[in-house]
Each structure stands twice: as structure tokens, then as C-alpha cells.
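Participant: If you scroll down you'll find the structure; I have some questions about it.
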Amino acid sequence: MIGALVVELHFPTCRSLKDKRAVLRPVIDGARSRFAVAVAETDYQDLHQRSILEVAAAAASERVVVETLDAVERFIWSRPDLEVVGATRRWLDDD
């Protein structure tokens with residue numbers, strides 16, 4: 001089972017792309033190391049106050065994927081230096 005979490009983020013205090021990278025890098029690196037997921041910024045790379053992050057998790061059990069994505073989402077929401085605008089999930093269906 002493969003699941004993806006798509007999170008739209010807002011960085012209210014960032015005034016440059018350098019500021020944005022300083023906030024976003026710990027989120028990406030932290031999610032990768034803590035939860036063993038793939039993470040990438042997939043949109044708004046050229047804007048300093050917005051971003052779309054996509055997180056992918058894979059496991060033999062749907063329950064494990066759901067728990068992993070839940071934990072990653074809590075981790076992102078816990079960051080005081082960014083705002084979550086929205087989050088959705090997608091599932092890769094092997095049919």
C-alpha cells in the first residue's frame with residue numbers, strides 16, 4: 001500500500017526564498033529521518049511565503065501507512081513557524 005500526503009503551507013514571517021528554505025529544510029529533513037518517508041516540495045518553489053509538500057509512505061499494511069501519514073501530518077502541524085493551509089491524502093491503487 002502506498003499513500004501520499006499533500007500539504008499546502010504558508011510562511012507568514014518569510015521575506016525571501018532564503019528565509020523559506022530555513023523554515024522548510026528542518027521540516028523536510030525531520031520528516032525523512034523520523035518517519036522514513038519520501039518528501040518533496042512540488043509547487044510554489046519560486047514564492048517565498050507558499051509551498052506544497054508531498055509526502056509518500058509505503059508499507060505492506062494500509063494501517064501502517066495511515067499511522068505514518070498521521071504522524072507526519074502532526075509533525076508538520078506542530079511547527080510554530082508555518083501555517084498549514086490544507087492537507088489531502090491520495091492512495092495508489094494497484095487495480
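Rule-based calculations on the coordinates, nothing more; no lab input. A quick note: this is a predicted structure, and the numbers were derived from the prediction, not measured. Virtual Cβ from ideal backbone geometry, glycine too; neighbours counted across all protein chains shown.
Participant: What's the angle, to the nearest 10 degrees (0 to 90), between helix 62-77's Cα axis and the longest principal axis of the chain?
Facilitator: 10 degrees
Participant: Mind sorting VAL64, VAL72 by how few other Cβ atoms lie within 10 Å of their own Cβ, fewest first?
Facilitator: So the ranking, lowest neighbour count to highest, is VAL64, VAL72.
Participant: Here is a follow-up. Calculate the length of the line joining the C-alpha centroid of segment 1-17 to that of segment 48-95, in whole Å.
Facilitator: Each part's Cα centre sits 10 Å from the other's.
Participant: Can you tally the net charge around LEU69? Count Lys and Arg as +1, Asp and Glu as -1, for every other residue whose Cβ sits under 12 Å from the Cβ of LEU69. Mind showing how you got there, number by number?
Facilitator: Values: positive: ARG63, ARG74, ARG89, ARG90; negative: GLU54, GLU62, GLU67, ASP70, GLU73.
Taking every other residue near LEU69 into account, the sum is -1.
Participant: Report, in deg cm²/dmol and to the nearest 500, the calculated mean residue ellipticity at 222 nm for the chain, where each DSSP H run with n ≥ 4 adds -39500 (n - 2.57) and the sum is divided by the residue count.
Facilitator: Working: 2 runs with 35 residues, N = 95.
My calculation for the chain gives -12500 deg cm²/dmol from helical runs alone.
Participant: Using label points projected 7 Å from each Cα along Cα→Cβ, tell me how many nm separate ASP81 and SER33, to one decimal.
Facilitator: 1.4 nm
Participant: Spin-label point model (7 Å from Cα, Cβ direction): what's the ALA59 to ALA40 distance in nm?
Facilitator: Inter-label distance under the simple model: 2.3 nm.
Participant: Here are some values of Rg/Rh (Cα atoms, Kirkwood Rh): [x] 0.99; [y] 1.23; [z] 0.95. Which one was computed from this structure?
Facilitator: Entry [x].
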